[in-house]
Structure formats: structure tokens, C-alpha cells
1. How long is the gain from SER405 to LYS353 if the chain were fully straight, where each residue apart is worth 0.36 nm and the alpha carbon distance is subtracted?
2. Per-residue HN-Hα couplings for the stretch 133-148, Karplus 6.51 cos²θ - 1.76 cosθ + 1.60 at θ = phi - 60°, whole Hz, x for Gly and Pro?
3. By its C-alpha gyration tensor, with a ≥ b ≥ c as the square roots of the eigenvalues, how is the stretch 296-365 shaped: rounded for a/c under 1.5, else prolate for a/b larger than b/c, else oblate?
4. With every protein chain present, what accessible area does SER147 have (1.4 Å probe, heavy atoms only), rounded to the nearest 10 Å²?
5. Using 29 Å as the Cα-Cα cut-off, could you pick out the over-long pairs in LYS18/LYS257; LYS115/LYS353; LYS115/LYS257; LYS257/LYS395; LYS192/LYS333?
6. What FRET efficiency comes out for the pair LEU109/LEU221, r = Cβ-Cβ distance, R0 = 30 Å, nearest 0.05?
7. At 1.4 Å probe size, what's the solvent-accessible area of ASP159? Round to the nearest 10 Å².
8. Please compute the modelled spin-label separation between ALA280 and GLU363, points set 7 Å along Cα→Cβ, answer in nm with one decimal.
Amino acid sequence: MTQAKPSVVIVGRPNVGKSTLFNRLVGQRRSIVTDEPGITRDRIYGTANWRGRTFEVVDTGGLLPDEKAAIPREVLRQARMAIEAAAQLVLVTDARAGITPLDAELARLLRKTGKPLAIAANKVDTTRQEPLAAAFYELSDAVFPVSAEHGLGVDDLLDHITRDFGREAEEEAAAAEPLVNVAIIGRPNVGKSTLLNRLAGAERAIVAPEPGTTRDAVDMLVHRGEHSYRFIDTAGIRRKGKTKLVAEKLSVVMARKHLERADVALLVVDASEGVTSGDANIAGYAEKSGRSVILVLNKWDLALQLAAKKDKEKSNPRRLLADYEELVRARFKFLDYAPVVFVSALTGERTDKLFGLIDRVAEARRRRISTGELNRWLSDVDLDRGTSPAARKVKIYYVTQASSSPPMFVLFTNQAHRLHFSYERFLENQLRERFDFLGTPVRFVQRVKKREPRRRSLNGSPARRR
């Protein structure tokens, strides 16, 4: 197990530029940034490197210490959990607004933790505005005028907060075992954050009855035995017509973007409601993106209760599960390779099965098959079975694997135009039957085999065959 990287936690009141600074430090647009306050709610994690020092950066939601509402209270609780594990705290303020009572209160609370505290006086976009940061020396001895948007002054801030960090973390990170990146996707309020908390074994994401609680992707690194996983809890994806706030629209866009960071997607469906058109649309996003997919039917305990109320004789759970899986397969015909698992994230029922499935699906996604083995498989396939009587007979001369993640195979054939989709499906089924690509899509690329040039005689005319 590698040593944990030092953690830098970014805190502050709403709308002072915490997420903009976070994105600047990690070098990518990881957190959603808009003018609307209260976008970030959960802890957002990223990795940064400065002058050979690798460290973890944590973006927290805007803090309102005296707020009694449920979600702001949860934001504060999440921030406190991050602060407890921090090696360095960065309080972001708005230099143009000066010290507000909330800035002073947050600085007081942070100093009580005994953690090193630096003030990032943000929105100093020119050197002429740097004197605006002077007032913040009342809150800390380490004050840095910065422009998170333009990068001004961020170098000095990084030099300060990383001065005591060791350089060996980068070497250890490079030697660490590969992670399996797992995106948790689905409609709002199907239990994605509850599932993340269950898999992580901790209250990592904010969970509330109202839909749309998660607005940005929440990362969680989980070690289990010899395997490591990065779970990415994404915002609920809904149709464009259903999104009204700018934050909601951005969260849907970012959820699809974060899906592309993953190797495996856990598509969470509310089993008590059944499969909806929204679920099918999200499944289409996952399939088109080339992610491996596991279908997770959540709230199975509630589905059983509802079924028992409808049937006075109480339906047999095993029979109900088999019937339900048949319905799921019918709605997700294009994901017939994806395994289905029925769980209750709330009670933990069957959630342990997910780790084994993720391992199998990730292994299948990375699998490479030698050209020799592929062509031995091809010689055993009755290619005529996949061709309709009216179609031109297809000849596949040989096949080779071009890449993995997901597996892609190159077919050298006698046809310039693409094979019919039904023929590709026939080949895919035959391939899966032999090599078991559980949960992962399979792609085919077609090439026309070049004909060998005819031999010519010494006088230039085509040589006659004897």
C-alpha cells in the first residue's frame, strides 16, 4: 500500500472562486464553475504536482456555519471531514469585497484546528489590485493575492503550501498498481450517492431525499484486498427539457464528460419504479462512449415489498428476480453483454457482489488475444451461418486485435463496404462465446485484403500459369 499523498483542502464562503482555484491547481476543469453560488456540495478530489511534489487537492462546498437547512449543514459536515485529514488549509476570499464577517468567522474556526492556514485573496486580476490583499493579514500571516481565473500569484501560493511536502510521493504514485475507474451513473434520486457511500464504507457523498443533490462528480479512492478502485459519483442525468438552472444543465454535461474518464460504468436503475426511457437514454450514452457496463437494479428491497402488496400470496423472490431480469434484458437489448445485479444500497444487500463483477469486467476490457489464437477461433466459425441467402458471400481471410479498452478487432475481408450489422452481431456473439468479454463492448474495423500483383514474364506480359 502506498503512503497517502498530503492533502490541501480549499475552503471558503460561497462564490469566492474555490472551484476555479481547484481547477487551476489540478490543471483541468474538474469542478463546475458558474456565477451561481452553491454549486459545489460534496468534496471534490484531484491530484496536483508542483516542482516534483505530488499532493491531493480537495474542493469543498461554500461554508455557512450557522445555516440550519439540511443541504448546507451536510456541506459543512463534508468540509469538516476533509479538514480533519488535511495537511494544509487554504481559505479563499474575495479581495475586492474585503474581509466579511463570514470570512473572519471561518478563519477563526480554521485556526482552532491547528492546521497550517494560508489565505488566497482571490480576484486580484492585475498587479495594481495586489494592495487589496493587505487587509487579510488580520486573519493569517500567510496571505497571497491571486487570480484563480488568470493564474496570477498562484506560483507563490503553491511554493508556500508545498514547502514541507516530500518528493517521494510522485515516485510512489508512479509505482502504484493501476486503478479501475468506475463511474456511477443514472437518473436523479435512484440511489447513486447511497451506493457510493456503501461501496466506500463511509459517508462520502451527501445524500438527501430531494433529487439533484449531487451536482458535480464526487471521486472516492477505495482499496479492497489487492485491488484499487476510483469511484466517480456523477450528477443525475435527465433530459434537457427537464433541466432549468444553469447548474443543473452544467452538471448533466459534466456527468457525461466524467463518464468518459471511467473504465466501467455502474448504471443504477430504481427497481421499485422499473426501467424508464430515461434509463435507456443513459444506457445509450454509456454504450456509445465505449464504457464497460454493469446494470445495477437498486432499491430491490423496496421492489419486493411493493410486489408483495400487490400479490396477497406474496410473490416468490427468486421467481420475481428472474422475471424482472427478463424485463430488463428486453429494455436494454443493446446491452445484452452487461451483467445485471439486484442490490439495496440502503441495507447493503448484495452490494459486495459488485466488486467481483467490476474485477471481471475490467479484466475483460483489458484482455488482449493473440493473432494466432484469434485465427484458430475464426477457422472454427461457420461463416455461412451469418450470411443471408440473398447477400454476397463474405470471406474473412484473417483477424487481429488492434487495441483493448474496449477490445477492437480488425477484419480483413473481400468486401469494401461495411458488413451488415446482423453479420457483425453474429461474429460478436461467436467471439463472446469463446473469449467471454463480460460487460465490455466489442468493436470491429473492416479492411479489404489487398490482392497480390500478378507475376510478369521477362518481356513484360503476364506470365502464364502452367
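1. 16.5 nm
2. So the J values, rounded to whole Hz, are 7, 4, 4, 7, 5, 5, 9, 6, 7, 10, 10, 10, x, 9, 10, 4.
3. oblate
4. SER147 has an accessible surface of roughly 0 Å² with all protein chains in place.
5. Beyond 29 Å: LYS115/LYS353; LYS115/LYS257; LYS257/LYS395.
6. Efficiency at R0 = 30 Å is approximately 0.65.
7. Taking all protein chains as shown, ASP159 has close to 60 Å².
8. 3.5
The values are calculated or read from the model by the stated rules, or taken from the named source; none is laboratory data. Everything quoted here is computed from the prediction, not taken from an experiment. In this analysis, Cβ positions are derived from the backbone assuming ideal geometry, glycine residues included, and neighbour counts consider all displayed protein chains. Note: areas computed on protein heavy atoms with side chains; ligands, DNA, RNA excluded. Shrake-Rupley method; radii C 1.70, N 1.55, O 1.52, S 1.80 Å.
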